[in-house]
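Here is the structure we will look at.
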Amino acid sequence: MAADLATDPDLAVTLADRDERALAARDHLDTVTADLADPTELARVMEGHDLVISALPGFLGHRTLQVIIQEGRNVVDIAFSPEDPFTLDDLAVENGVVAVVDCGVSPGMSGLLVGHAASLLDEVQDVLVYVGGLPEQRERPWEYKAVFSPIDVIAEYTRPARLVEDGRIISRPALSDLEVLEFEGIGELEAFNTDGLRTLLRTIDASSMREKTLRYPGHAGRIEALRDSGFFGEEAVDIGGLEVRPLDLASRLLFPMWQLDEGEEDLTVMQVKVTGRQDGSQARYVFDLLDRYDSEKGVTSMARTTGYTATAVARLILSGGYTRTGISPPEFLGKEQEHVEFVLAALRDRGVIYHQRVEPRP
């Protein structure tokens, strides 16, 4: 994201992290070593800047967002923290802050596209999001590599999935309602419930709505066996006189196997379906994405699809194109055709292409 923004000669970009290794080989950027979990250090880093992109792990995301808003900085957030971002809406309004949250691929573009389709329909009936980031090469036993924070991946597998049935928000276990689907250019993938609807549960009025994560077939069953056997538990157990959290042990063993090696290719696949009534008839808007690793620049697909979405929205805010103060999930941007076109064009310029089609429904 920083490298993408730095291609604009009118922008002065600073990259901050507590780990100096994350700042290495960034000679074309201003870099600052800082512990961003410390509000004082975070405030110091933000001095003199107009906008912040927050890309911290989810467990730090909400309190970091609060500090950014308190400091009066506009913000694009991709931390995907579990807390409700709307609890900071009044604070953002009071401080005149434009805060776009959940601004990645999903949540992120999924919400923007749902919001866009909802603005075109007279009534939204059903929303279905399929999304997954996967390695091109399948390696057992997991056939998966974590292309974002691994601890957040485990949270996806353990946090109950909120969805909408018959107009009511209900919860289902993560990994439930498994189905196998065929995706052009990839083949068979399995889909299961995860808690990715987030703000859509509040902002979109639909009879049915769910988000499902995509993996290579067999992955969900292996993860479910670990989860149901207690390997992701957070309560310490005694092992030979040592207190050990199962989650810490599982993380220590899994994360090296899930590490995407430098140069290893990945892909991102997403399909968003929004069904409803339009001009007295049934219609379904479908948006498809299949993106792959950029071998020329050495950029992962997940970094492309997530990061370029965030930088597109950052540029939209910096240009004065989006000025709504308060907390804005991407579906708010999706309500305006010009905002949708701006973001899609920025992504298209970087080779991230969404295909839209409309399917008439009987």
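Name every residue in region 300-346 that is in contact with a strand residue (DSSP E or B) (Cβ under 8 Å, 6 or more places away or on another chain) and either outside any helix (DSSP H, G or I) or without any contact (Cβ under 8 Å) to a residue 60 or more places away in the chain (or both), in order of residue number.
T300, R304, Y322, T323, R324, T325, G326, I327, S328, P329, L344
Which condition number in (1) among the hydrophobic types (A, V, I, L, M, F, W, C); (2) open to solvent by 10 Å² or more (accessible area, probe 1.4 Å); (3) closer than 21 Å to L51 by Cα is the one that I353 fails?
(3)
Take the residues in region 188-205 that are in a helix (DSSP H, G or I) and of a type in the set (A, V, I, L, M, F, W, C); name whichever of them is surrounded by the fewest Cβ atoms within 10 Å (Cβ to Cβ).
Residues of region 188-205 in a helix (DSSP H, G or I): 200-203.
From what's left, of a type in the set (A, V, I, L, M, F, W, C): 200-201.
Numbers: L200: 25, L201: 14.
For region 188-205, the residue satisfying everything is L201.
Looking only at region 252-284, filter to residues that are open to solvent by less than 80 Å² (accessible area, probe 1.4 Å) and of a type in the set (K, R); which one of those is nearest to the chain's Cα centre (by Cα)?
K273
Any idea which residue in region 173-187 is nearest to K212 (Cα to Cα), counting only those that are open to solvent by less than 80 Å² (accessible area, probe 1.4 Å) and in a strand (DSSP E or B)?
E179
A quick yes/no check of all residues on (1) within 28 Å of I353 (Cα to Cα); (2) not hydrophobic (A, V, I, L, M, F, W, C):
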{"position": "D19", "(1), (2)": "no, yes"}
{"position": "A22", "(1), (2)": "no, no"}
{"position": "A37", "(1), (2)": "no, no"}
{"position": "S54", "(1), (2)": "yes, yes"}
{"position": "F59", "(1), (2)": "no, no"}
{"position": "L112", "(1), (2)": "yes, no"}
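Within region 59-85, which residues are without any contact (Cβ under 8 Å) to a residue 60 or more places away in the chain and either of a type in the set (D, E, K, R) or in a loop (DSSP other than H, G, I, E, B) (or both)?
R63, E71, G72, R73, D77, A79, S81, E83, D84
Just checking, how many residues over region 143-169 are open to solvent by less than 40 Å² (accessible area, probe 1.4 Å), touching a strand residue (DSSP E or B) at 6+ places or on another chain (Cβ under 9 Å), more than 17 Å from H219 (Cα to Cα) and touching a residue at least 60 places away in the same chain (Cβ under 8 Å)?
Here the count works out to 0.
Tally up the residues in region 4-29 that are touching a helix residue (DSSP H, G or I) at 6+ places or on another chain (Cβ under 9 Å) and either outside any loop (DSSP other than H, G, I, E, B) or among the β-branched types (V, I, T) (or both), please.
Number of matching residues: 7.
Restricted to region 303-350, and to residues that are open to solvent by 10 Å² or more (accessible area, probe 1.4 Å) and among the acidic types (D, E), which residue is nearest to T203 (Cα to Cα)?
This residue is E336.
From the list L42, L88, L56, which residue is in a helix (DSSP H, G or I) and within 25 Å of R198 (Cα to Cα)?
Just one listed residue meets the conditions, L88.
Kindly evaluate V129 against the criterion of being touching a helix residue (DSSP H, G or I) at 6+ places or on another chain (Cβ under 7 Å), within 21 Å of L289 (Cβ to Cβ) and among the aliphatic types (A, V, I, L, M).
Working: touching a helix residue (DSSP H, G or I) at 6+ places or on another chain (Cβ under 7 Å): yes; within 21 Å of L289 (Cβ to Cβ): yes; among the aliphatic types (A, V, I, L, M): yes.
Criteria met by V129.
Just name the residue that is farthest from the chain's Cα centre (by Cα) out of those in region 99-147 that are part of a helix (DSSP H, G or I) and within 27 Å of A55 (Cβ to Cβ). Spell out the reasoning first.
First, the residues of region 99-147 that are part of a helix (DSSP H, G or I): 109-120.
With within 27 Å of A55 (Cβ to Cβ) added as a condition, the list becomes 109-116.
Working: M109: 8, S110: 9, G111: 10, L112: 12, L113: 14, V114: 14, G115: 16, H116: 18 Å.
For region 99-147, the residue satisfying everything is H116.
Can you tell me which residue within region 257-299, out of those that are of a type in the set (S, T, Y) and part of a strand (DSSP E or B), is nearest to G132 (Cα to Cα)?
T268
Does L247 qualify as being in contact with a strand residue (DSSP E or B) (Cβ under 9 Å, 6 or more places away or on another chain), in contact (Cβ under 8 Å) with a residue 60 or more places away in the chain and open to solvent by less than 40 Å² (accessible area, probe 1.4 Å)?
No, not satisfied.
Which count do you get for residues in region 285-302 that are over 30 Å from V114 (Cβ atoms) and open to solvent by less than 50 Å² (accessible area, probe 1.4 Å)?
The total comes to 1.
Taking the conditions exactly as written (farther than 27 Å from I78 by Cα, in contact with a helix residue (DSSP H, G or I) (Cβ under 9 Å, 6 or more places away or on another chain) and either assigned to a strand (DSSP E or B) or open to solvent by 10 Å² or more (accessible area, probe 1.4 Å) (or both)), does L226 satisfy them or not?
Considered against the rule, which asks whether it is farther than 27 Å from I78 by Cα, in contact with a helix residue (DSSP H, G or I) (Cβ under 9 Å, 6 or more places away or on another chain) and either assigned to a strand (DSSP E or B) or open to solvent by 10 Å² or more (accessible area, probe 1.4 Å) (or both), L226 comes out as yes.
The values are calculated or read from the model by the stated rules, or taken from the named source; none is laboratory data. No experiment lies behind these values; they were computed from the predicted model shown. Cβ atoms come from the backbone with ideal geometry, glycine included; neighbour counts cover every protein chain shown. Just so you know, the surface numbers come from the protein's heavy atoms only, side chains and all, with ligands and any DNA or RNA stripped out. Shrake-Rupley method; radii C 1.70, N 1.55, O 1.52, S 1.80 Å.
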